[in-house]
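Structure record follows, encoded as structure tokens.
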Amino acid sequence: MRTLAVDDEALGGKPDLSSSTDEPSHVRITAWLLDRIGTGRIRIDDKLPPEEELAASIGVSRMTLRQALGSLEAQGWIERRRGRSGGSFVREPKVEVDLSGLPGFTEQMRRANVRAGARVVRAGLVEAAGEVAAALEVAKGQPVIEIVRVRSARRQPLALEETYLPAHLFPGLLERNLSASVYGLMRQHYDLAPQSAQEWLEPEISSDEHARLLEVAPGSALMLVTRKAWTASGLPVEFAYDRYRSDRTRITLQTGLGTDTTITVEPT
């Protein structure tokens, strides 16, 4: 962690607040700080100078600076702490994972304005176990495609996908580029992309294997999303376990009157 001073090079090129523009000063200060963070001049975990000193160096009131810092805090870029060791600390905001409308991970990251990545851990044919067989409506022991991938954003592991597909519906899929969108492959080459799904969300403690793949400590909190998906004709084509890092993601879901979204709370 660095504690920045007002004359630190990282805070150079302060915003020009004298030019005529419709943007309020606090908006321009917010944009300036975001630019310094985005270009790496201000780093994650850096501590900004005291508010009074930073405001004076920019040439604004402390209230105006607080408006800018409040905006950054609302976006997740700043954490403000009280006390002797308090101050404004730069943080990396959580990635919004929007499950509305059955998006794949690539689409989720596009909505969050983040570039998605994928690393295939394993892919092959396995015998359908009880829960997988029931969800895909195939006999136990029948071959199904298993694809396990670590999905990344901002070059960091974000989610672990464990996906099962009926093998007889997707011949040759394992020979295709599985670092691409699986939903895209299902749609483009087989015309069997999911159109509806039921999803269950529940917290989970990471196993040693999941922790290693997601680069977290064993026993860390994860959010498990279990999904069963169907085509428009009602054919089950996917059963999946998606495990998200709770320290880097925030799951959102759009609901409202007149929508098809249903949230069910099941006792355990």
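Of all residues in segment 37-54, those being under 15 Å from D8 (Cβ atoms) and over 31 Å from the mean Cα position of the chain (by Cα) number 3. Name the single residue that is surrounded by the fewest Cβ atoms within 10 Å (Cβ to Cβ) among those in segment 55-71 being under 21 Å from D8 (Cβ atoms) and out of contact with any helix residue (DSSP H, G or I) (no Cβ under 6 Å at 6 or more places or on another chain). Only one residue fits best here, namely G59. Taken over segment 1-15, the criterion of being in contact (Cβ under 8 Å) with a residue 24 or more places away in the chain and of a type in the set (G, A, S) is satisfied by A5, A10, G12. Considering every residue within segment 197-219, establish whether at least one is surrounded by fewer than 13 Cβ atoms within 10 Å (Cβ to Cβ), within 17 Å of the chain's Cα centre (by Cα) and either at positive phi or small (G, A, S) (or both). Within segment 197-219 (the criterion being surrounded by fewer than 13 Cβ atoms within 10 Å (Cβ to Cβ), within 17 Å of the chain's Cα centre (by Cα) and either at positive phi or small (G, A, S) (or both)), the answer is yes, since at least one residue qualifies. If we scan segment 104-119, do we find a residue that is more than 17 Å from R227 (Cβ to Cβ) and modelled with pLDDT of 95 or more? Checking segment 104-119: not a single residue is more than 17 Å from R227 (Cβ to Cβ) and modelled with pLDDT of 95 or more.
Restricting attention to segment 223-234, the residues that are farther than 14 Å from R187 by Cα and touching a residue at least 40 places away in the same chain (Cβ under 8 Å) add up to 2.
Here's a check for you: in segment 148-160, which residue that is of a type outside the set (G, A, S) and surrounded by 21 or more Cβ atoms within 10 Å (Cβ to Cβ) is nearest to I251 (Cα to Cα)? Step through it out loud before you land on a result.
To start, the set of residues in segment 148-160 that are of a type outside the set (G, A, S) comprises 148-151, 154-158, 160.
Imposing the further condition that a residue be surrounded by 21 or more Cβ atoms within 10 Å (Cβ to Cβ) reduces the set to 149, 151, 158, 160.
Values: R149: 19, R151: 15, L158: 12, L160: 15 Å.
Among residues in segment 148-160 that are of a type outside the set (G, A, S) and surrounded by 21 or more Cβ atoms within 10 Å (Cβ to Cβ), the one nearest to I251 (Cα to Cα) is L158.
Scanning segment 33-55 for residues that are out of contact with any strand residue (DSSP E or B) (no Cβ under 9 Å at 6 or more places or on another chain) and touching a residue at least 12 places away in the same chain (Cβ under 8 Å) yields a total of 4.
The values are calculated or read from the model by the stated rules, or taken from the named source; none is laboratory data. Because the structure is predicted, anything quoted here is derived from the model rather than measured. Quick reminder, even Gly has a Cβ in these numbers, built from the backbone with ideal geometry, and neighbours come from all protein chains shown.
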